[in-house]
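What follows is a single structure, written as structure tokens, with notes after it.
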Amino acid sequence: MEILVILVPLALMLGLAGLVAFLWSLRSGQYDDLDGAAWRAISDDDPPPEAPVKL
Amino acid sequence: MQVTRDFSHYVRAAGAGLQHIDLAVEGVHCAGCMAKIERGLSTIPDVTLARVNLTDRRVALEWKQGTLDPLSFIDRLEELGYKAYPYETESAEATEVAESRFLLRCLGVAAFATMNVMMLSIPVWSGNVSDMLPEQRDFFHWLSALIALPAAAYAGQPFFRSAWRALSNKTTNMDVPISIGVCLALGMSVVETIDHAEHVYFDAAIMLLTFLLVGRFLDQNMRRRTRAVAGNLAALKAETAAKFVGPDEISQVPVAAIHSGDIVLLRPGERCAVDGTVIEGRSEIDQSLITGETLYVTAEHGTAVYAGSMNISGTLRVRVSAASEATLLAEITRLLENALQARSRYMRLADRASQLYAPVVHATALITILGWVIAGASWHDAIVTGVAVLIITCPCALGLAIPTVQTIASGAMFKAGVLLNSGDAIERLAEADHVIFDKTGTLTLRDLEVTNAADIPADVFGLAGRLALSSHHPVAAAVAQAAGARSPIVGSVEEAGQGVRAVVDGVEIRVGRPSFCGAEALVVGADLDPEASVVAFSRGAEKFILSVRQGLRPDAKDVIAALKARNIGIEILSGDREPAVIAAAHALGIAEWRAGVTPADKIARIEELKQRGVKVLMVGDGMNDAPSLAAAHVSMSPISAAHLSQATADLVFLGRPLAPVVVAIDAARKALHLMRQNLWLAIGYNLLAVPVAISGVVTPLIAAAAMSGSSILVMLNSLRTRRRAREIV
């Protein structure tokens with residue numbers, strides 16, 4: 001049962017990481033345009049290149 | 001005179017030598033539009049960011065400072081086929097956005113805590129029936145407390161604040177029992193943890209917050225979205241004014257950039273965007289948006305003009321004044337304030353429910369405690385049972401019962417072109433059993449139409465339309481539009497306030513006032529609509545007359561019939577003259593009408609109906625309707641309404657048809673029915689759960705299962721509106 005001392009904090013850390021990720025995504029405006037995001041995900045063509053890409 | 005367009009008011013610095021502007025764009029519906037706009041704008045050199053927001057129908061643009069004029073973006077979008085206009089975030093919308101984000105953050109924290117506390121609770125529940133050591137259980141309980149307490153302190157803020165506000169106003173709302181329930185559950189759990197007890201309720205308390213925050217967030221998000229759409233519509237009206245920037249130089253600037261004391265130019269055919277006083281010029285103006293009167297009024301030096309007035313014939317110079325200076329507005333504002341105060345007394349269904357609910361629940365808990373003490377239990381055990389009663393009755397389902405239905409119903413209305421200004425409007429609209437319509441601009445459209453086009457030979461009508469293209473007069477514009485004219489006649493001459501003339505194939509043609517065309521004889525003989533303006537057309541010796549008036553909304557008759565079928569009383573209260581009102585009432589089959597009514601009279605009539613217990617829905621658009629919109633039980637106005645009326649109305653509907661009125665009433669009635677059903681579901685659940693709690697056999701497992709079960713049941717029941725809403729729309 002001593003393993004709990006490691007596993008429980010570990011589980012909590014993982015949960016906390018999830019929360020931090022959520023708060024970060026909220027702050028960076030990823031929930032501002034949910035309709036648009038839904039379409040962007042399945043859009044076929046590439047978005048206009050921000051800078052010329054050299055192959 | 002030199003005219004420029006100036007959008008610098010909307011441009012703001014975006015740091016590092018960049019400038020930023022937000023544009024509201026019309027007609028962006030799909031991924032295709034999004035890609036097209038972004039690609040189209042990105043090809044402009046020096047543009048560093050072009051991103052479409054499909055939810056709010058806006059484009060954010062950034063470019064290198066000083067290289068581009070915002071005008072070029074609007075022109076570019078025009079080429080792509082989209083109408084766009086700079087958009088400025090109002091403070092009201094900014095608040096909604098901030099609130100929405102805050103709720104989402106609370107929800108994230110609460111959901112994180114719920115999941116983790118649940119992860120710790122399930123081992124305890126299963127350990128309690130097997131071989132868990134008391135030390136291990138205490139360890140898990142302390143960990144739960146460590147997560148749940150700070151999370152609840154943060155995520156519970158929306159409820160605690162609202163409950164505190166209600167209590168300090170000596171009222172109560174649904175958030176009061178919620179806050180008490182959560183705090184007691186947490187407090188008792190801490191005490192029990194210290195006592196090494198078996199049962200703690202951290203999971204129940206934090207789960208309750210999560211469920212309630214879902215409802216709260218959905219509700220807020222709907223409101224934010226409505227506000228964004230309303231903001232876009234306002235921006236796309238592109239209200240500008242021609243402001244004098246030099247003695248002989250004018251600049252077309254957005255209304256937001258006009259200040260009191262500025263002098264603006266008002267040309268014929270333009271709608272005034274500001275309030276002010278005429279200082280130079282003479283003209284006729286159409287004040288129908290202000291007073292409901294369709295006859296033109298003469299404007300000269302010293303005449304007060306209001307935003308929404310249409311200038312008809314001459315050019316005016318107007319000195320802008322602060323809105324409240326004008327006498328008519330002051331009167332309307334006073335009436336409006338009185339009416340708004342009266343309205344705030346309305347009790348929402350949720351508040352009514354909580355006023356009944358809270359005392360009953362708290363009394364039950366108290367009786368439980370006393371009952372167990374009398375029956376011989378220790379104070380400690382009795383209080384634990386009492387708190388368990390409060391936890392199990394904590395109005396989780398009750399808190400969700402109304403917002404979930406509201407969210408879905410307002411979404412359905414949104415699709416049908418109805419925007420909600422206030423959440424409780426749905427309840428009030430569902431109760432309405434009498435509709436009062438304003439005539440001008442509500443039953444009729446603002447656009448003028450030619451009523452006797454069928455009586456005139458098509459080639460003559462077409463020629464009259466082409467000639468009319470050369471004039472800015474709104475009546476001439478209506479003739480040109482009705483005739484579908486595209487190419488103006490070369491060499492046509494406009495005589496101000498009279499008409500237009502030209503020579504075609506050696507014959508002189510004229511369109512304008514009957515006297516201008518020598519057609520007075522025809523007008524005297526004809527049986528004309530009393531409301532119509534008469535335009536004459538002459539080709540040599542041939543004379544024709546055209547009757548131009550504001551047409552009824554295309555589906556007005558069907559809507560009135562549909563309302564009658566629903567047993568809703570209908571009447572017209574108009575500020576317009578009697579003949580005009582009779583004509584509309586007759587055409588629509590409305591028996592009850594009053595003409596020449598002042599704003600105060602309208603309110604008096606609404607009060608009279610209120611005394612009789614009638615719940616009035618007021619539908620109006622003029623500035624003179626604003627006080628009665630506020631005084632009525634519930635109110636609607638078309639999007640073409642005066643600003644003040646739109647801001648006062650509970651619901652705003654878009655487009656030319658009147659049908660949204662009926663759609664909104666139907667949707668609201670269904671929604672109210674579901675809200676009541678949800679409340680009964682929640683009460684029924686409590687009736688089942690409370691005896692179990694009173695008997696003292698509730699464990700945290702039962703509390704958690706019962707709570708989530710009832711919340712999910714209520715949510716699923718609300719989703720039924722959505723299926724029905726699809727049938728309507």
Rounded to the nearest 20 debye, what is the charge dipole size of segment B:292-434 about its Cα centre when +1 sits on each Lys and Arg Cβ and -1 on each Asp and Glu Cβ?
180
With every protein chain kept in the model, how would you rank B:Met132, B:Met34 by accessible area, 1.4 Å probe, largest at the top?
B:Met132, B:Met34
In nm, give the distance between the simple-model label positions of B:Lys237 and B:Met347, each being 7 Å from the Cα along the Cα-to-Cβ direction.
3.7
Given 10 °C and 1.306 mPa s, how large is the Stokes-Einstein diffusion coefficient of segment B:80-237 in µm²/s, with Rh as the Kirkwood radius over Cα pairs?
88
What FRET efficiency comes out for B:Val460 versus B:Thr315 if R0 is 30 angstrom and r is the Cβ-Cβ distance? Round to the nearest 0.05.
0.45
Averaged over peptide A:28-39, how many Cβ atoms belonging to another chain are found within 10 Å of each residue's Cβ?
5
Using a basic spin-label model with each label point 7 Å from the Cα along Cα→Cβ, how many nm lie between B:Leu295 and B:His29?
4.5
Give the average over all directions of the projected area of the C-alpha convex hull of the protein assembly as shown, one decimal, in nm².
43.3
Estimated inter-spin distance, A:Ile6 and B:Ala16, nm [label 7 Å along Cα→Cβ]:
4.4
Linear extension gain, B:Arg271 paired with B:His586, 0.36 nm per residue minus alpha-carbon span:
110.4 nm
If you take the charge dipole of the protein assembly as shown about its Cα centre, with +1 on Lys and Arg Cβ and -1 on Asp and Glu Cβ, which of B:Ser8, B:Ala205, B:Gln341 is farthest toward its positive end?
B:Ala205
Helix-derived [θ] at 222 nm for chain B: sum -39500 (n - 2.57) over DSSP H runs of at least 4, divide by residue count, nearest 500?
-17000 deg cm²/dmol
For chain B, with the dipole built from +1 on Lys and Arg beta-carbon atoms and -1 on Asp and Glu ones, taken about the Cα centre, which of B:Ser126, B:Tyr85, B:Ala502 lies farthest toward the positive end?
B:Ser126
Spelling it out for B:Asp555: with amide H atoms placed in the peptide plane at 1.01 Å from N, the residues 5 or more places away or on another chain with amide H under 5 Å from its amide H are B:Leu658
Positive-end residue, chain B charge dipole about Cα centroid, Cβ charges, pick of B:Thr55, B:Ala257, B:Leu467
B:Thr55
Would you mind getting me the FRET efficiency between B:Ala604 and B:Val697? Use the beta-carbon distance for r and R0 = 41 Å, nearest 0.05.
0.10
In the protein assembly as shown the DSSP beta bridges are antiparallel at a rate, in percent to nearest 5, of 75
Please state the charge dipole magnitude for segment B:583-687, taken about the Cα centre, from unit charges on C-beta atoms (+1 on K and R, -1 on D and E), reported in debye and rounded to the nearest 20.
280
Treating every alpha carbon of segment B:639-717 as one equal point scatterer without solvent, the Debye formula yields log10 I(q)/I(0) values at q = 0.16 Å⁻¹ of -0.73
Can you tell me how segment B:1-101 classifies by the Cα gyration tensor, rounded, prolate or oblate, using a/c under 1.5 as the rounded cut?
rounded
Can you list which of the trypsin sites (Lys or Arg not before Pro) found in segment B:209-239 are DSSP loop residues with at most 16 other C-beta atoms within 10 Å?
B:Lys237
Sparse-neighbour loop sites [trypsin sites (Lys or Arg not before Pro); segment B:577-668; at most 15 other C-beta within 10 Å; DSSP]:
B:Arg612
Out of the GluC sites (Glu not before Pro) in segment B:124-218, which ones are loop residues according to DSSP with at most 16 other C-beta atoms within 10 Å?
B:Glu198
Estimated dipole of the protein assembly as shown in Debye, rounded to 20 [Cβ of Lys and Arg +1, of Asp and Glu -1, Cα centre]:
1040
Cα-based Kirkwood hydrodynamic radius, segment B:365-419, one decimal, Å
13.9
Which order do the peptides B:59-72, B:471-484 come out in when sorted by mean C-beta neighbours inside 10 angstrom, highest first?
B:471-484, B:59-72
Cα convex hull volume per residue for segment B:135-206 (Å³)
74
Linear extension gain, B:Val97 paired with B:Lys36, 0.36 nm per residue minus alpha-carbon span:
19.2 nm
Counting DSSP beta bridges with both ends in chain B, the antiparallel % (nearest 5):
75
Directionally averaged projected area (convex hull, Cα atoms, chain B), nm²:
39.1
Histogram of C-alpha separations across segment B:185-339, 10 Å bin width, %:
10, 25, 22, 11, 8, 8, 8, 6, 2
State which helices in chain B qualify, where a helix is a whole DSSP H run, it must extend 27 Å or more along its own axis by its Cα atoms, and its mean Kyte-Doolittle hydropathy must be at least 0.5.
B:91-128, B:175-194, B:202-236, B:349-374, B:396-415, B:660-694
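The values are calculated or read from the model by the stated rules, or taken from the named source; none is laboratory data. Quick caveat: nothing in here was measured; it's all calculated off a predicted structure. FYI the Cβ positions are ideal-geometry reconstructions off the backbone, even for glycines, and counts take in every protein chain you see. Side chains are part of the model used for accessible areas, which takes the heavy atoms of the whole protein and leaves out ligands, DNA and RNA. Shrake-Rupley method; radii C 1.70, N 1.55, O 1.52, S 1.80 Å.
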